[in-house]
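Where a number appears in this text, it was derived from the coordinates with a stated rule and is not lab data. Keep in mind it's a predicted model, so treat the numbers as computed, not measured. Neighbour counts are summed over all protein chains in view; Cβ atoms, including those assigned to glycine, are modelled from backbone coordinates with ideal geometry.
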């Protein structure tokens, strides 16, 4: 199921960041799980993603910029 949230932190040099979902607690993402270039993602950008894993191993995959209507 797709989730929606905003980029809270992104570190381009290290290739990872965190997303604040619309519901729930923040989730880690790695550049390898982004279909969009990490260079396009900025703090505050809306994104769509899927969450995999549980507990401290939760992470976002298939991170894409959200379509703004």
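Table: residues versus (1) touching a residue at least 24 places away in the same chain (Cβ under 8 Å); (2) outside any loop (DSSP other than H, G, I, E, B).
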| residue | (1), (2) |
| --- | --- |
| 4 | yes, yes |
| 13 | no, no |
| 28 | yes, yes |
| 44 | yes, no |
| 48 | yes, yes |
Identify, please: which residue in the range 8-24 is more than 19 Å from residue 66 (Cβ to Cβ) and out of contact with any helix residue (DSSP H, G or I) (no Cβ under 8 Å at 6 or more places or on another chain) and is, among those, surrounded by the most Cβ atoms within 10 Å (Cβ to Cβ)? 11
